Amino acid sequence: MVMEMDCRNWNEDDYRDTIVQERELQCRTVFRTAFAPSQNRNPDLIVTASSDGSIASYSLSHCLGLGFGNARAENVLVAESDCFIQGHDGPAYDVKFYGHGEDSLLLSCGDDGRIRGWRWKEILSSDVSMQGGHLKSVLNLVNPQHKGPWGALSPIPENNAIAFDFQGGSIFAAAGDSCAYCWDVEKGEIKMVFRGHSDYLHCIVARNSRNQIVTGSEDGTARIWDCKSGKCVQVIDPKKDEKLKEFFPCVSCIGLDASESWLACGSGQTVSVWSLTAGECISRISTHASIQDVLFDENQVSYFLFLGNSQTSSLQFVHDR
């Protein structure tokens, strides 16, 4: 049987978009997660930022009830989100909660150079059918474009990570134009631009007790910035003391302890721990895989590794204090 088709209605762009969407559904990457606000010490909801630009929440108790954790890959396809927001055009790289309890804002940033925020209370109470791209954000911040020769504008730089100072009403963004931005949440305006890195930023944390931020960059350094002046007060180079100086991996992740006196930097296959009081590296650990994330748990540094094609991760603890 011969099927007839009117080739005049053929749209090459639509066909390409359909193919891309099908591929994205089959291979989605989760870049960042955050626990939702809860009065329970063991929160049940976890929110994800994914490569398809979506922000979704999942119930851990529901996932565990389905048998997650037994290393059966097919179970990943069973999980269904409790809420779903199409937050960004392009990948969503980070997600955090700004504020406390159900009155907090769910913040996300992504490849489109935007920081968007939704009221968590509205997300929880909304019908799933009204989510996706229908739930309006209450915050929508866009990175500035840079003017080049003859007035040409650069692309909007992506946001790779965010941090915040709730007391100061500020959101900090690590951007792809080698700058960090401080946004006023109430006014939706840029309060400060932090310039000094020579390549794009991977990560950012707020050191609120000192009114500072810390950034990690593709240029292989971390920098501490004063939020009042916008000036860099310290440059941290995890590789400066090593003999092999021809290769400088980026600082892909950073973490502060609860006292905000110790900083951990993940750079290539190395974790370095720094005393911010003394301004010195006090420990350096080599690993067999690239560091994906670091955090402090009481007096320990935890770091996550990505192990080859198996896409599994391991968690190791190092006593450094």
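The values are calculated or read from the model by the stated rules, or taken from the named source; none is laboratory data. Predicted model, so just to flag it, every value in this text is computed and none were measured. As a convention, Cβ positions derive from the backbone with ideal geometry for all residues, glycine included, and neighbour counts pool all protein chains shown.
Some observations on this one:
- If you go through the range 210-240 and keep only what is modelled with pLDDT of 95 or more and small (Gly, Ala, Ser), you end up with Gly216, Ser217, Ala222, Ser229, Gly230.
- Inside the range 196-229, residues that are among the aromatic types (Phe, Trp, Tyr) and surrounded by 21 or more Cβ atoms within 10 Å (Cβ to Cβ) make up a count of 1.
- Cβ separations smaller than 8 Å between residues 6+ apart or across chains give the following pairs from the range 212-236 residues that are aromatic (Phe, Trp, Tyr) to residues that are outside any loop (DSSP other than H, G, I, E, B): Trp225/Ala180; Trp225/Phe194; Trp225/Gln212; Trp225/Ile213; Trp225/Val214; Trp225/Thr215; Trp225/Cys232; Trp225/Val233.
- All positions within the range 241-257 that are at pLDDT below 90 and either over 19 Å from Ser198 (Cβ atoms) or basic (Lys, Arg) (or both): Asp241, Glu242, Lys243, Leu244, Lys245
- Residue check, Thr18 modelled with pLDDT of 75 or more, among the polar types (S, T, N, Q) and part of a strand (DSSP E or B): no
- Residue tally, condition under 16 Å from Arg207 (Cβ atoms) and over 19 Å from the mean Cα position of the chain (by Cα), over the range 161-188: 2
- Filtered by the rule that a residue be touching a residue at least 40 places away in the same chain (Cβ under 8 Å) and surrounded by fewer than 17 Cβ atoms within 10 Å (Cβ to Cβ), the range 42-60 gives no residues.
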